[in-house]
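A short worksheet on the structure shown next.
Computed from the coordinates by the stated procedures, all read-outs in this text should not be read as laboratory data. Since the structure is predicted, the reported quantities are computational estimates derived from the model, not experimental observations. Cβ: placed from backbone, ideal geometry, glycine included. Neighbour counts: every protein chain shown.
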Amino acid sequence: MSGQDMNGQDFGPKRCGLVGGGVIGAGWAARFVLNGRDAVLYDPSPDARARAEAVLGMARAAWAGLLPGALPPEGRLHIAATLEEALEGADFVQESLPEIQTLKCDVLERIDALLPAAVPIASSTSGLLPTRLQARLRHPERFVVGHPFNPVYLLPLVEICGGARTSEDTKARVAAFYRAIGMQVLHVRKEVDGFIADRLLEALWREGLWLIEEGVATTAELDDAIRYGAGLRWSFMGTFLTYRLAGGDAGMRHFLAQFGPALQLPWTRLVAPELTDALIDRIAGQSDEQAGGMTVRALERLRDEALVKVIRALATVGPQGYAAGATLNRFAARRADDAQGGQPGADGIPASWHGVVPPEWIDYNGHMTEHRYLQVFGEATDHILDAIGAGPDHVAAGQSFYTVETHLRHLGQALCGMAIMVRTRVLDADGKRLHLFHELTAAGDDAPLATAEQMLIHVDTARARSAPIPQAVAGAIAALRTAHSALPVPEGAGRAIAMPRRS
Ligand SMILES: NC(=O)C1=CN([C@@H]2O[C@H](COP(=O)(O)OP(=O)(O)OC[C@H]3O[C@@H](n4cnc5c(N)ncnc54)[C@H](O)[C@@H]3O)[C@@H](O)[C@H]2O)C=CC1
Ligand SMILES: C[N+](C)(C)CC(=O)CC(=O)[O-]
């Protein structure tokens, strides 16, 4: 997988340097590694290695649920002893230092001095202005903000914000890279403190702190106010689309007319109270009570499980998935292409079908349901018919192949998000019949997960009677059959269903 710059040149970082490996740096490292990139992380904290490994473990578990079988071989996670070591040979750098502007500026200046000019540097800052962060860089054009959301390995959103001296090319390359690792890029068109998402989140947070200080609600009540209501719909429709619907058939205009005046009252304060020791104690105490003794790790696992299920459910909404679900489906489709979906297997036979198993094809047993195998094999047959000149034109001319028998075998499991492919052999043919054998495998693997053997008869469709295969089509079949006859007869060909013999 690679991104492209503005000239269409490939930009697919293989080795990502990470500076700062806390909550966010470790999350980035996991996303990079799971997408086949090496992640070399520098963080002077003695806990850096344990944290990065723990987060990678959680990310692995989450991705196994999100897209089982669809990820490339993992990259390597390496903890560097120095900044220099982390940057050596890096073709992309993600800075995730604490949110302190002076610290970031000092370290970014060092990073800039150590790297070749073409290597992009992205900062995870939640809201510091990129123009300020790039001020002392020799190559400010390669600096951009790439602001992620926690957990970085699961939430797709990343805000890209350039400073006054960031080049368009840098923004395009970094955006393409983030997309290639499954993210949804939101370009911040105008540089502003807090960018877009954190301005919204902070407004809510401020109001919540004020409500706690005033004794109106506890942390748990504030969270309930979100998670049983607006939070559920926010996962697929934001404020504005939701409010359009709240305006009834007249939509946004009626909504503004009805609720706009309340903005003058106003309901909200949006002024954060002073964080006195007493208020901090109250908030922390309420938060402890709300957590009910669950550790941070346990809550993170709960969060990840819920996120995986929400995103996977959204992937089944509408024809292409909705919101984060559509992002997941696009990523899965790219993965299928990259996983040599259309490449020949060891037998040299090209794919007659390839794609990714979508969530809606999964049954209550957690794997691809039966009739989808028949669908995939049927579409593979269509591909072969097209290739031998018996496609739509042939059908329009009143001739076609009808399938008269299919024998399906299930040998392994096609799982959600798995990139799969079918390869098809012509086993035999005569003047009217075509005998096919399909093998379905995970892309890039030769072990069959399922096979289908089919007999087709050539038909004059107007008369609904069998008819001789025309010469041109017969010639194409013969060419395939000759090529395939050099291969050993596939295991299972000609098998019938029977109970195992008792000795
Ligand atoms: N925590 C969050 O929810 C989010 C944070 N961010 C942003 O990501 C950045 C990092 O935040 P967190 O990971 O939450 O902070 P954190 O405090 O968890 O991690 C920061 C890490 O930087 C390391 N560090 C300190 N000085 C260093 C140096 N000179 N060189 C290398 N490493 C050094 C620390 O040891 C620590 O492990 C911040 O800019 C923050 O605004 C962005 C999105 C969400
Ligand atoms: C609290 N925060 C400003 C660090 C949050 C973010 O930047 C994004 C997030 O994950 O909510």
Quiz item: Which semi-axes, in whole Å and largest first, does the equivalent ellipsoid of the chain have when worked out from the alpha carbon gyration tensor as the square roots of 5 times its eigenvalues?
Solution: 52, 28, 23
Quiz prompt | Where labels lie 7 Å past Cα in the beta-carbon direction, separation of Asp428 and Asn365 in nm | solution = 3.0
Exercise. Quick one: check the C-alpha center-to-center distance for segment 211-235 versus segment 252-282, whole angstrom.
Key: 13
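How large is the helix-only mean residue ellipticity at 222 nm for the chain, computed as the sum of -39500 (n - 2.57) over DSSP H runs with n ≥ 4, divided by its residue count, in deg cm²/dmol to the nearest 500?
On the way: 17 runs with 199 residues, N = 503.
Value at 222 nm, helices only: -12000 deg cm²/dmol.
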Quiz prompt | Label zone at Leu200 (point 7 Å along Cα-to-Cβ), backbone N below 19 Å, segment 237-253 | solution = 237-247, 252-253
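Quick one: net charge around Asp393, please, counting Lys, Arg +1 and Asp, Glu -1 for every other residue with C-beta under 15 Å from its C-beta. Working shown, then result.
Working: positive: none; negative: Asp382, Asp386.
Cβ neighbours under 15 Å give a net charge of -2.
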Quiz item: Using modelled backbone amide H atoms (1.01 Å from N, in-plane), which distant-in-sequence or interchain residues come within less than 5 Å of Asp445's amide H?
Solution: none
Quiz item: In degrees, nearest 10, range 0 to 90: what is the angle between the Cα axis of helix 370-387 and the longest Cα principal axis of the chain?
Solution: 60
Quiz prompt | Radius ratio Rg over Rh of segment 343-485, counting only Cα atoms, Kirkwood formula for Rh | solution = 1.00
Quiz item: By count of other Cβ within 10 Å, fewest leading, how are Cys416, Cys16 ordered?
Solution: Cys416, Cys16
Quiz item: Leu77's amide H: which non-local residues (gap 5+, or another chain) put their own amide H closer than 5 Å, with H modeled 1.01 Å from N in plane and none for Pro or chain starts?
Solution: Ala39
Quiz item: Which whole-Hz couplings ³J(HN,Hα) result when phi for each residue of segment 130-136 is put into the Karplus expression 6.51 cos²θ - 1.76 cosθ + 1.60, θ = phi - 60°, listed in order with x for Gly and Pro?
Solution: x, 4, 6, 5, 8, 4, 9
Quiz item: Quick one: Cα centre-to-centre distance for segment 132-176 and segment 465-481, in angstrom?
Solution: 58
Quiz item: Which residues in segment 256-274 have a backbone N closer than 17 Å to a point placed 7 Å from the Cα of Phe240 along the Cα-to-Cβ line?
Solution: 256-257, 260
